[in-house]
Amino acid sequence: METEVGRYLSALPFVAAEDCSALSAKRPICLPALEKTVSVFENLPSNTPWACKGRPSGRCLCPRKSRLMDKNRALWNRESDEYQQKHRDFLDDNPMAWGVWRIAEAELNILGEVEGVDILELGCGAAQWTIGLIQAGAHAMGIDFSERQLDHARTACRQIELAPPLVHGCAESLPFPDKSFDVVFCDHGATSFSQPEVVIPEASRVLRTGGVLAFCMSSPLRDICWDHETDQISPRLESNYFGLYRLEDEGETSYQLSYGAWIRLFRENGLNVEDLVELQAPEDATTTYSNFVPLRWARRWPAEHIWKVRKAADSTH
């Protein structure tokens with residue numbers, strides 16, 4: 001049976017229909033059905049009348065490419081090979097796990113039962129999570145703005161002869177109709193590198209009623225304890241908590257809000273907070289992300305956390 005998302009993507013004027021052939025069935029997609037990612041970033045026709053099919057009236061489909069987004073995208077394309085060389089094995093060994101310490105989804109139960117569930121991963125990278133979810137029976141797909149990261153995802157898919165639909169696009173302007181997914185999630189991906197006031201409404205828009213948005217990211221506590229002079233974490237408060245928004249680090253832009261600002265943003269977009277899981281590093285934990293925070297620090301204070309919010313039944317978003 002053809003899915004609504006598959007039909008929608010294949011109908012877009014800038015996506016070749018054959019690129020979407022693998023999106024047509026709600027089942028694991030075996031290669032060679034998906035040799036290329038669907039791209040909504042490249043070759044956008046300048047004269048296309050953007051009818052915004054499936055989206056609220058007046059909402060533009062084309063990616064809102066900003067200077068900061070282009071900078072982040074260029075950085076990830078440039079550093080993807082080094083990143084994968086350093087972290088791939090660690091992520092492959094723990095595909096369905098959260099944060100830099102890879103705490104298992106089976107332990108945290110953030111996503112719940114995934115078999116038969118339509119799931120979108122924002123900032124899928126090399127698609128470890130997305131592949132793991134498909135192997136667990138989910139109807140999962142990933143989106144990422146980095147071409148090079150998706151190259152690594154396709155390589156991983158070929159090695160195991162199983163591939164999720166992969167979309168080259170932007171979390172700030174998702175190329176999907178309203179109410180397409182039961183779960184939208186992210187693990188230190190696009191929600192960290194996108195403007196919160198843009199990505200949260202987009203995630204809410206593509207969620208079905210009762211659907212879950214979950215994302216793991218750096219905690220505000222870690223961000224205000226970061227010492228920019230030494231470029232490492234401090235046991236002291238170093239920054240203005242009330243000034244949290246755009247964070248610059250070695251050419252990369254990320255975003256953070258205060259706890260109250262996050263809650264207000266969720267409520268404004270029809271999302272009810274179900275949980276905030278503050279991750280404590282296990283006593284014997286190891287990580288390849290040693291520059292994120294030392295184990296001793298992460299044993300005492302939450303360096304990362306997972307927001308879990310649910311789309312309200314009476315939401316108009």
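What number comes out for the charge environment of Phe242, summing +1 per Lys or Arg and -1 per Asp or Glu over other residues with Cβ under 15 Å away?
That works out to 0.
Quick one: compute the contact order of region 71-223, relative version, from alpha carbon pairs under 8 angstrom and 6+ residues apart, as a percent.
Reported relative contact order: 22 percent.
For a quick protection proxy, order the peptides 268-275, 241-248, 194-201 by their average other-Cβ count within 10 Å, most packed first.
Ranked from most to least packed, the peptides come out as 194-201, 268-275, 241-248.
Convex hull over the Cα atoms of region 160-317, averaged projected area in nm²?
11.1 nm²
HN-Hα J couplings of region 143-148 from phi, Karplus 6.51/-1.76/1.60, θ = phi - 60°, integer Hz, Gly and Pro as x?
Using θ = phi - 60°, the values come out as 10, 8, 8, 9, 4, 5 Hz.
Give the Rg (one decimal place) followed by the Dmax (whole number) of region 179-257, computed from C-alpha coordinates and expressed in Å.
14.8, 46
May I ask you to order 217-224, 128-135 by the average number of other C-beta atoms within 10 Å around their residues, highest value first?
In decreasing order of mean packing, 217-224, 128-135 become 128-135, 217-224.
Measure out, as a whole number of angstrom, how far apart the alpha-carbon centroids of region 288-317 and region 203-266 sit.
9 Å
Just to verify a number: FRET efficiency for Ser234 and Thr155, C-beta to C-beta distance, R0 = 30 Å, to 0.05?
Once the sixth-power term is evaluated, E becomes 0.20.
Give the distance, in whole Å, between the Cα centre of region 177-201 and the Cα centre of region 95-164.
So the two Cα centres are separated by 15 Å.
Residue-wise, which Karplus ³J(HN,Hα) couplings in Hz belong to region 209-223, taking 6.51 cos²θ - 1.76 cosθ + 1.60, θ = phi - 60°, and x for glycine or proline?
Each residue's phi maps through the Karplus curve to give 4, x, x, 10, 10, 9, 8, 9, 7, 4, 7, x, 4, 4, 5 Hz.
From the phi angles alone, apply the Karplus equation (6.51, -1.76, 1.60; θ = phi - 60°) to region 109-123 and give each ³J(HN,Hα) in whole Hz, x where the residue is Gly or Pro.
After applying 6.51 cos²θ - 1.76 cosθ + 1.60, I find 6, 6, 7, x, 5, 10, 4, x, 8, 7, 10, 10, 9, 8, x Hz.
What net charge do the residues around Gln256 carry, taking every other residue with its C-beta under 12 Å from that of Gln256, with Lys and Arg at +1 and Asp and Glu at -1?
After counting each charged neighbour, the total is -2.
Using the basic label-point model (7 angstrom from Cα toward the beta carbon), what is the Thr286 to Lys86 distance in nanometres?
1.8 nm
Since every read-out is calculated from the coordinates, none of them should be taken as a lab result. Owing to the predicted nature of the structure, the values given are computational and were not obtained by experimental measurement. Positions of Cβ are backbone-derived with ideal geometry, glycine not excepted, and every protein chain shown enters the neighbour counts.
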